[in-house]
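*Asks:* Right, I'll just put the structure down here and ask away after.
We did not get these values from a lab; they are worked out from the coordinates using the rules stated. All values derive from a computational prediction rather than experimental measurement.
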Amino acid sequence: MKGRRKRARQLSSEYPWIRLGALRNALLNWCHIAIYSRLKPMVKVAYRLRENLDKLIGGFEHGIKMGLIESINGKIGQLRRQGRCSLHMIPGAGIIL
């Protein structure tokens, strides 16, 4: 079993898309289970996750930290409250979760 883990780690470092493909499959499987659970909050989360799945996978692929994203979102919110900015002034602001 130890050799399999070592080979899996080696493959994932050589071909990072394998790891991302497994992540995509796991998330889609979870969404499928959550939707068929018929629990309204879980269904809502599952649909939102499926809508933003490519963005989420892209974040993992590029190694973007959630703290950085939250910081940027906080700054955008602060500027909007102060009336100094609107979203069309910030390139790429519409893709931030």
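*Asks:* Once fully extended, how much extra length lies between Leu56 and Arg80, figured as 0.36 nm per residue of separation less the alpha-carbon to alpha-carbon distance?
*Replies:* Roughly 6.2 nm would be gained on extension.
*Asks:* While we're on this one: Subtract the Cα-Cα distance of Glu70 and Arg48 from 0.36 nm times their separation in residues, and report this length gain in nm to one decimal.
*Replies:* Stretched fully, the Glu70-Arg48 segment lengthens by 6.1 nm.
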